[in-house]
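Please read the structure below before turning to the comments.
We did not get these values from a lab; they are worked out from the coordinates using the rules stated. Quick caveat, the model's predicted, so the values are computed rather than measured. Positions of Cβ are backbone-derived with ideal geometry, glycine not excepted, and every protein chain shown enters the neighbour counts.
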Amino acid sequence: MKVLDLDMDFFLTDACPLAPLGERPPERCAQPYDDAEVIRFLEEQCGLSRAHPVPGAIFDTHDKALDFWAARLSDGTLSAPFEVVHVDTHSDLAFGPPGPDFVLKAVLTRAPETRAAIANYRAGIKLDEANYLLFALAFRWVSRLTYVRNPRSRQDVPQRLLAGPGAIRLTSDIARLMEGVNGPEPEIPFTVIDDYRAFRDGGFDFVTMAQSPRYAPASADRIMGLLVPYIRAMSV
């Protein structure tokens, strides 16, 4: 199965610095793409159709994609591992502080079937919108990851996650000690697309979009409305 995981800040002319909690980046930071460009990307490059909307959801912060996927796994409409196409200005693989250490050292030591304790990680201030995708990999939910970057994205994939060209394999010294119990962590095919104009895909089973208000000026909010006709809304 395959999910399209969109972030509104992808559709901006630049990458905005993170705004303080409760605030938005200034309008001078970046301009949202015009409606026609957004629709062309959704239809021509992602294969979405208003005539055949795909189940999905729109939410405020991107970490809620984990809750959405967990709900679909629970109701049986999604099965793991699944392919993720992540369209975003950020990789959400824990590039910034505190980095990947918690996931690589604490989450990977747990039995795979107990790792998806999302509420506990959030309560412990370990899970957020900048690292949720790394958690999904650690839960062994993801079979393949494609990262479609905004042209102004910074290089933000932690190199320690890479198992060589075109692959991610999560590991740490302590996680390797647990391989006798948990088995080895899977190698996940990983593609980074720097020029989104070269991207073409389709056949998505679910579509989500995050507003990510701290990364996008308020003028970009209209982009969320452009996605609405292409999805059949489901609860997070």
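Things worth noting here:
- Build a GNM of the chain with springs between Cα atoms under 10 Å apart, and of D221, D35, D60 the one that fluctuates most is D35.
- Each of Y196 and A218 was given a label point 7 Å from its Cα along the Cα-to-Cβ line. The distance between the two points is 2.4 nm.
- Residue by residue, region 18-26 carries 3J(HN,Hα) couplings of 5, 7, x, 3, x, 10, 10, x, x Hz when phi is fed to the Karplus relation 6.51 cos²θ - 1.76 cosθ + 1.60 (θ = phi - 60°); x denotes Gly or Pro.
- Most mobile listed residue (G203, G56, G180) in the chain, GNM with C-alpha springs under 10 Å: G180
- Our coupling estimate for region 35-46, obtained by passing each phi through the Karplus curve with A = 6.51, B = -1.76, C = 1.60 and θ = phi - 60°, is 4, 4, 5, 5, 5, 4, 5, 5, 8, 7, 9, 10 Hz, Gly and Pro reported as x.
- Of all lysines in the structure, the ones whose alpha carbon falls short of 22 Å from that of K2, not counting any fewer than 8 places away in one chain, are K64.
- The antiparallel fraction among DSSP beta bridges confined to the chain stands at about 10%.
- Cysteines, the chain, no other Cys beta-carbon under 4.7 Å: C46
- Which labelled figure in [x] 18.2, 58; [y] 18.2, 65; [z] 17.2, 53 is Rg and Dmax of the Cα atoms in Å, once derived from the coordinates: [z]
- Extension gain (nm, one decimal) between R176 and A163, 0.36 nm per residue minus Cα-Cα: 3.2 nm
- Cα gyration tensor category, rounded, prolate or oblate, for region 1-86 with a/c compared to 1.5: oblate
- Each residue, E113 and D14, gets one label point 7 Å from its Cα in the Cβ direction; the gap between the two is 5.2 nm.
- Each Lys and Arg contributes +1 and each Asp and Glu -1, all at the Cβ; summed about the Cα centre of the chain, the dipole is approximately 380 debye.
- Among E83, E23, the order by Cβ neighbours within 10 angstrom, fewest to most, reads E23, E83.
- Cross-link reach is defined here as a Cα-Cα straight distance under 22 Å, omitting same-chain residues fewer than 8 places apart; for K105 the lysines meeting it are K126.
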